[in-house]
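Here the structure comes first, spelled out in structure tokens, and everything after it is commentary.
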Amino acid sequence: MSTLDTANTASLKAQFDTGLETRADFTIDQPTERYGAVDHAVWRQLYARQTALLKGRVCDEFLEGLERIGMPADRVPSFDEINTELTPATGWQIVAVPGLVPDQVFFEHLANRRFPVTWWMRRPDQLDYLQEPDCFHDLFGHVPLLMNSVFADYMHAYGRAALAAHDAGALPLLARLYWYTVEFGLVCDEASPNGVKIYGAGIVSSKGETLHSQQSAAPNRLGFNLERVMRTRYRIDTFQKTYFAIDDFAQLFSVAQTDFAALLARVVAEPALDAGDVLQEDHVLTRGSQEGWLADGDI
Ligand code: HBI
Ligand code: FE
């Protein structure tokens, strides 16, 4: 069971008791009439803060995607208007969901170029942190990169591989790959602090982690290695202890072409690594000071 399934069953239930008609694939019609002035104000505030903070810190492909998609800054976007730009660009569409959906449903959507986007916005008192993805995390964090054809193809190939891994009972390994790339991935960039820029949605949508991932001395920053990532546990409740940096998106795409069946059989036999471990064979960009690290709790 992936972390999201066990930790969120109750909230899955709670989210679905909102009187919204949820289809068998867990999609809903975006209830645009339910957004109030507070929701639009929270979107406006998060959008302005993150776009200002991300300049010079996030990869160019994200900014290009945000620009091309024409995401509104002043209100929660209509998913239909996003799809008008997204679908012709890379064949992806976003679908509204009540919140976290079961792993297999999620991967089924990705394998069909549908990205599930939570419809509701966080409350003003959750501006700086909330554990579950809301509309701002999913839409602002994940969707602009789906305008980039190489990243879009990676996400599609990832969805197919994750479905197969789910059937082979190796889902936790694919969940780690998603976590350390799509959610918390960095990309090498010599001209930037610590030689990295940001692309992971969990970082892009978080003020604290935008600064921490690129500038803090605490975390390790290691060169991306597929097997290494699949062995490495992670935490869902604090800043990451280790970030993995890809050379470029082409590297991600080549990862997605891997014969995962053979690889999973090999990796599943290896012992899992703690989130903060550094191995002899790691390509270390920066070795963390480990300041502020909590003892255990890795998944
Ligand atoms: N559901 N809505 C939603 N969003 C996610 O990011 C998500 C999910 N369900 C499962 C899931 N992610 C995990 O399987 C991946 O993060 C690996
Ligand atoms: Fe996410």
Region 24-43 residues that are touching a residue at least 12 places away in the same chain (Cβ under 8 Å) and over 23 Å from VAL105 (Cβ atoms), paired with ones that are open to solvent by 50 Å² or more (accessible area, probe 1.4 Å) and among the basic types (Lys, Arg) (beta carbon under 6 Å, 6 or more apart): HIS40/ARG75
query: If you go through region 156-165 one residue at a time, do you hit one that is open to solvent by less than 20 Å² (accessible area, probe 1.4 Å), within 12 Å of the chain's Cα centre (by Cα) and of a type in the set (A, V, I, L, M)?
result: no
Region 40-72, subset closer than 19 Å to GLU183 by Cα and of a type in the set (Phe, Trp, Tyr), residue farthest from the chain's Cα centre (by Cα): TYR47
Flag if LEU173 is among the hydrophobic types (A, V, I, L, M, F, W, C), touching a residue at least 60 places away in the same chain (Cβ under 8 Å), within 16 Å of ligand 1 (Cβ to nearest atom) and out of contact with any Ser or Thr (no Cβ under 9 Å at 6 or more places or on another chain): yes
message: surrounded by 18 or more Cβ atoms within 10 Å (Cβ to Cβ) and within 14 Å of ligand 1 (Cβ to nearest atom): is that true of VAL187 in this structure?
response: no
- prompt: If you go through region 179-188 one residue at a time, do you hit one that is away from ligand 2 (no atom under 16 Å from the Cβ), in contact with a Cys (Cβ under 8 Å, 6 or more places away or on another chain) and under 21 Å from LEU66 (Cβ atoms)?
  reply: yes
task: Identify all residues within region 105-155 that are aliphatic (A, V, I, L, M) and either touching a strand residue (DSSP E or B) at 6+ places or on another chain (Cβ under 7 Å) or surrounded by fewer than 21 Cβ atoms within 10 Å (Cβ to Cβ) (or both); write none if there are none.
output: VAL105, ALA111, VAL117, LEU127, LEU130, LEU139, VAL143, LEU146, VAL150
message: I'd like the full set of residues that are within 15 Å of ligand 1 (Cβ to nearest atom) and part of a helix (DSSP H, G or I), limited to region 78-132.
response: PHE79, ASP103, GLN104, VAL105, PHE106, PHE107, GLU108, HIS109, LEU110
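The values are calculated or read from the model by the stated rules, or taken from the named source; none is laboratory data. All values reported here derive from a predicted model rather than from experimental measurement. Don't worry about glycine lacking a Cβ; one is built from the backbone with ideal geometry, like all the others, and counts go over all protein chains shown. Keep in mind that these areas ignore ligands, DNA and RNA; they rest on the heavy atoms of the full protein, side chains included. Shrake-Rupley method; radii C 1.70, N 1.55, O 1.52, S 1.80 Å.
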